[in-house]
Amino acid sequence: MNPRNLTLMFPSNPLKPREPDPDYAEEYQVAGDFTHVRVFDLDLLLGEGKLKLNKKFPSSTIVIYRGWMLTPENYALLQTLVESANASLLTNKEAYQMTHLLPNWAHHANTLKSAWTTDLTDNALIKLLDQFNGPVTVKDFVKSRKHEWYSAFYIPNPQNHYQALAIIHNFIQRQAENLVGGIVIREFVPFVQTGVHLKNETPIYEEYRVFYWHSEPFAMIDYWHHNFNSLGDGDLIFVRESGQRIRSPFFTIDFARKTDGTLIIVKIGDGQVSGLQDYDTRKFYHQWFQKIGLEQGDRLQ
């Protein structure tokens, strides 16, 4: 792949459709120093199934989406529309689902034990709960409600079915139409706690988000901005090895430090829809395009 053929595509500002969404405005500006950039009307895509760009794609370009999470169905639609515009997505719909949906990566050897179901009846949920002895958490195939720790996320005793089902029901009701796939129950492993979130009093742990380009890490982000010096040589080897054999060109892995001192994989995600966690945007794009092989200022005009 010629890196000069890349185009980064961002969602547009709903009120000013030829400008980027304010949450991606800085990325759009910085990315434009490295390669082609476009914005598209996300509401039009979701509402009418149409792709409206602020400017046509360059000829035979390879598109990387940077924006809000899309359901697998909407991502597949995006792929079809991009191909209809004589371009192609770097990450096809199969690769997107491979990292976006937990059941597709939960087999990884270095992650938390998980079990899931698409059957939301109480009997099916109890069968999930009975696979665990200690504390667990609940999420759907993509997202949790960790910010609602005690009411819709953390289950201290899965064998207390009454309490556990109440928490799961809260999660299902609050996710509503945003619930993706089904219900996932995951073992809760003690992590190294480094603080408490001021807004919702949920625990903050030593966590890292790592971006990978074709299985090679290029940006390591301290999730809560105060643990970076804690990564040792063994951690870096683990981080590098963890990205191997994941069938996606651009993805992230979130790691957390267990109380025994080792790292574990908490989440694997699609790189296109993973946030930078307040990481320096220009530094991120420099690291990314340095990995791709395209330096700032080398973009096609």
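The values are calculated or read from the model by the stated rules, or taken from the named source; none is laboratory data. Keep in mind that what you see is a predicted model, and the values were worked out from it rather than measured. Methodologically, a virtual Cβ is constructed for each residue, glycine included, from the backbone with ideal geometry; neighbour enumeration extends over all protein chains shown.
Observations
- Any hit, the range 132-147, residues being surrounded by fewer than 18 Cβ atoms within 10 Å (Cβ to Cβ), touching a residue at least 12 places away in the same chain (Cβ under 8 Å) and touching a helix residue (DSSP H, G or I) at 6+ places or on another chain (Cβ under 6 Å): no
Matching residues to (1) surrounded by fewer than 19 Cβ atoms within 10 Å (Cβ to Cβ); (2) hydroxyl-bearing (Ser, Thr, Tyr); (3) within 29 Å of Gln290 (Cα to Cα):
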residue	(1), (2), (3)
Phe10	no, no, yes
Pro14	yes, no, no
Tyr24	no, yes, yes
Ser60	yes, yes, yes
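- Close pairs (6 angstrom Cβ cut-off, 6 or more residues apart or separate chains): within 23 Å of Gly232 (Cα to Cα) and not assigned by TED's automatic domain parsing to the domain that holds Ser144 in the range 242-271, assigned to a loop (DSSP other than H, G, I, E, B) and acidic (Asp, Glu) anywhere: Arg257/Glu206
- Options Ser88, Ser60, Ser114, Ser84: the member that is at positive phi and either among the hydroxyl-bearing types (Ser, Thr, Tyr) or in contact with a strand residue (DSSP E or B) (Cβ under 8 Å, 6 or more places away or on another chain) (or both): Ser60
- Taking the conditions (1) within 18 Å of the chain's Cα centre (by Cα); (2) without any contact (Cβ under 8 Å) to a residue 60 or more places away in the chain in turn, Tyr154 satisfies each one other than (1).
- Residue within the range 227-236 that is out of contact with any Gly (no Cβ under 7 Å at 6 or more places or on another chain), among the aromatic types (Phe, Trp, Tyr), outside any strand (DSSP E or B) and outside the structural domain of Thr137 (by TED's automatic domain parsing) present: yes
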